[in-house]
Amino acid sequence: MSTTKPTISAEEIAGVLIAGERDRTEVEQFSDAHPDVDVPTAYRAQRAFVQSKIDSGERLVGYKLGLTSRNKQRAMGVASPLYGRVTSSMLSTYGDPISFDRFIHPRVESEIAFLLNRDIEAPATVTSVLAATELVYGAVDVLDSRYKGFKFTLTDVVADNASAGAFYFGPIARRPEELELHLIGCVVRVDGEVTMTAAGAAVMGHPAASVAWLANQLALEGEALKAGQLIFSGGVTAPVPVLPGGSVTFEFDGLGVIEVSGA
Ligand code: OOG
Ligand code: MG
């Protein structure tokens, strides 16, 4: 094990990503020039990236999981789950349009969102996550990697706050016990044509398993999931680009339809 200092600091990585997001310009993957940066350093960069949002008045409202399904791991060529932080300006009210011109190259994907009404203690399981969940929603994750060509390694995407851009909620909230979340179907249509279908079990066997993974991961870092937070499961289906004039609809069994239109 080398104990030399990384050739770029977490703060420097965050500074590049903050500028890329602000200026809507793609940045180079830092892993190309700095392959020595490890995952803990990348999470410190993520914290600094998110802290800049909090310093400008946003609130931490929860977390998002990433690369928790084979559909997503295959699409992005990265095989380990990760998490990012969700802040208040990323959320939109159902029906409100999201303006895509604030993004570099947005993509959308289906997820399940969990609203917690209790803190989750480690070790967490599917059962303990469901017991701490007040409501679940169908949701759409609007991703916007700050990296050129939407290409990244695990450390790149961790630092980039799991490509977080914005989130849509579906129109229907349900108690978790009213649904078989691992069987929830999702049909994705691009310009009216069915392009992808999946069930909730695509996410680690059960969407709540990804929330349990996060709770256990955060415990190792001295953090915990809290009552009132929103947790996004990670993509059930692979991402689809949002194109001008195009439409993508996400139909969830029992949780309604979300339509996304590229203006
Ligand atoms: C990385 C973020 C992953 C998910 O649900 O897998 C993610 C990306 O695909 O840009 O949000
Ligand atoms: Mg996602």
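The figures follow:
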quantity	calculated
Scan of region 49-72 for residues that are open to solvent by 30 Å² or more (accessible area, probe 1.4 Å) and either within 16 Å of ligand 1 (Cβ to nearest atom) or not polar (S, T, N, Q) (or both), ordered by number	Ile54, Asp55, Gly57, Glu58, Arg59, Leu60, Arg70, Asn71
Near pairs, Cβ below 6 angstrom, 6+ apart or cross-chain, from region 88-107 (in contact (Cβ under 8 Å) with a residue 60 or more places away in the chain) to any residue that is crowded, with 17+ Cβ neighbours inside 10 Å and of a type in the set (Val, Ile, Thr)	Ser92/Ile98; Phe100/Val242; Pro106/Val142; Pro106/Val242
Residues located in region 191-242, provided they are within 16 Å of ligand 2 (Cβ to nearest atom) and among the acidic types (Asp, Glu)	none
Condition met for Ala238 (buried (at least 18 other Cβ atoms within 10 Å of the Cβ), of a type in the set (A, V, I, L, M, F, W, C) and over 18 Å from Val129 (Cβ atoms))	yes
Residue in region 152-172 that is in a loop (DSSP other than H, G, I, E, B) and more than 16 Å from ligand 1 (Cβ to nearest atom) present	no
Unique match (being of a type in the set (A, V, I, L, M) and in contact with a Leu (Cβ under 6 Å, 6 or more places away or on another chain)) among Val61, Val37, Val108, Val86	Val61
Some residue of region 167-183 being under 25 Å from Tyr83 (Cβ atoms), open to solvent by less than 10 Å² (accessible area, probe 1.4 Å) and of a type in the set (D, E, K, R)	no
Restricting region 185-209 to residues that are open to solvent by less than 10 Å² (accessible area, probe 1.4 Å) and in contact with a helix residue (DSSP H, G or I) (Cβ under 9 Å, 6 or more places away or on another chain), the residue that is farthest from Phe250 (Cα to Cα)	Ala208
Matching entry among Gly222, Gly228, Gly149 (being on the phi > 0 side of the Ramachandran plot, in contact (Cβ under 8 Å) with a residue 12 or more places away in the chain and in a loop (DSSP other than H, G, I, E, B))	Gly228
Only listed residue being out of contact with any Leu (no Cβ under 7 Å at 6 or more places or on another chain) and closer than 16 Å to Phe169 by Cβ, chosen from Val257, Val240, Val203, Val211	Val257
Selection within region 63-77 - within 13 Å of ligand 2 (Cβ to nearest atom) and outside any helix (DSSP H, G or I)	Tyr63, Lys64, Leu65, Gly66, Leu67, Thr68, Ser69
Verdict on Val260 being of a type in the set (Val, Ile, Thr), surrounded by fewer than 24 Cβ atoms within 10 Å (Cβ to Cβ) and at pLDDT below 95	yes
Candidates Val136, Val157, Val129, Val140, filtered to the one that is under 30 Å from Asp36 (Cα atoms) and at pLDDT 95 or above	Val157
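One line per residue, one yes/no per condition, for (1) at pLDDT 95 or above; (2) in contact with a helix residue (DSSP H, G or I) (Cβ under 9 Å, 6 or more places away or on another chain); (3) within 14 Å of ligand 2 (Cβ to nearest atom); (4) over 24 Å from Ser233 (Cα atoms):
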position: Ala19; (1), (2), (3), (4): yes, no, no, yes
position: Val39; (1), (2), (3), (4): yes, yes, no, no
position: Val61; (1), (2), (3), (4): yes, yes, no, no
position: Ala79; (1), (2), (3), (4): no, yes, no, no
position: Tyr83; (1), (2), (3), (4): yes, yes, yes, no
position: Ser88; (1), (2), (3), (4): yes, yes, no, no
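The values are calculated or read from the model by the stated rules, or taken from the named source; none is laboratory data. Given the structure is predicted, the values throughout are model-derived calculations rather than measurements. Glycine gets a Cβ as well: all are built from the backbone with ideal geometry, and neighbour counts include every protein chain shown. Calculation scope for accessible area: heavy atoms of the full protein, side chains included, ligands and nucleic acids excluded. Shrake-Rupley method; radii C 1.70, N 1.55, O 1.52, S 1.80 Å.
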